[in-house]
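The values are calculated or read from the model by the stated rules, or taken from the named source; none is laboratory data. This structure is a prediction, so every number in the text was calculated from the model and none was measured. For neighbour counting, all protein chains shown are included, and Cβ atoms are generated from backbone atoms with ideal geometry for every residue, glycine included. SASA here: full protein model, heavy atoms, side chains in, ligands and nucleic acids out. Shrake-Rupley method; radii C 1.70, N 1.55, O 1.52, S 1.80 Å.
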Amino acid sequence: MNIQLMQATPDHLGTIMDVYLRCKKDLDEKGLLQWNDHYPSREYFEEEMINGNLYVFMIDETIAGSATLNEWQSPEWSEIPWRFANEWVIHALFLDPLQQGNGLGKVFMERCEELARERGFGSIRLDAYSRNTGANYLFKKLGYEYRGSVYFTSKPEGHQEYRCYEKALAL
């Protein structure tokens, strides 16, 4: 199995959207309202691709997932007691539901960490929807430390809490 993490190109956008919409449908059916029609959107993915921040997780030439990797942090995160500096941030991470449950989420995260190290970053920060037990479990299992919660008022009532995590990377 050939697995790689690479920068997205315009040719990838249609498939990224297809995989994202499968993920969103799967989450919505489970009552996990972490994404809406505004974020992430095709326009979001296009902008992040143009900025060089959109990556695809490829398995044997097939897009299995995507993530935005950059240095931008949500203003809500300013109250979080972060421990590490020189951070890279993961946003809008998703893995095709058809690929979930066989350890590929762990591999995807490890590839993000490897790329962060290659780029000279010393830590990774991210947040996860509080009710997404699978994502929260994965991040804890991979050594990410919970730093506190933020609340996004743009989300539906009862679906606003996101748990912030951080992990130091050995360079």
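Numerical summary
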item: Test: residue in the range 130-138 that is under 21 Å from ARG22 (Cβ atoms), in a loop (DSSP other than H, G, I, E, B) and either modelled with pLDDT of 95 or more or open to solvent by 30 Å² or more (accessible area, probe 1.4 Å) (or both); result: yes
item: Count of residues meeting criterion [under 17 Å from the mean Cα position of the chain (by Cα), open to solvent by less than 40 Å² (accessible area, probe 1.4 Å) and touching a residue at least 24 places away in the same chain (Cβ under 8 Å)] in the range 148-166; result: 6
item: Test: residue in the range 68-86 that is open to solvent by less than 80 Å² (accessible area, probe 1.4 Å), assigned to a strand (DSSP E or B), in contact (Cβ under 8 Å) with a residue 60 or more places away in the chain and not basic (Lys, Arg); result: no
item: Among residues of the range 119-156, those that are under 18 Å from GLY105 (Cα atoms) and out of contact with any Cys (no Cβ under 8 Å at 6 or more places or on another chain), counted; result: 18
item: Test: residue in the range 2-11 that is assigned to a helix (DSSP H, G or I), touching a strand residue (DSSP E or B) at 6+ places or on another chain (Cβ under 6 Å), at pLDDT 95 or above and open to solvent by less than 80 Å² (accessible area, probe 1.4 Å); result: no
item: Selection count where residues are open to solvent by 80 Å² or more (accessible area, probe 1.4 Å) and either on the phi > 0 side of the Ramachandran plot or not in a helix (DSSP H, G or I) (or both), scope the range 47-59; result: 1
item: Condition broken by ASP37, with the remaining ones in (1) touching a strand residue (DSSP E or B) at 6+ places or on another chain (Cβ under 8 Å); (2) not in a strand (DSSP E or B) satisfied; result: (1)
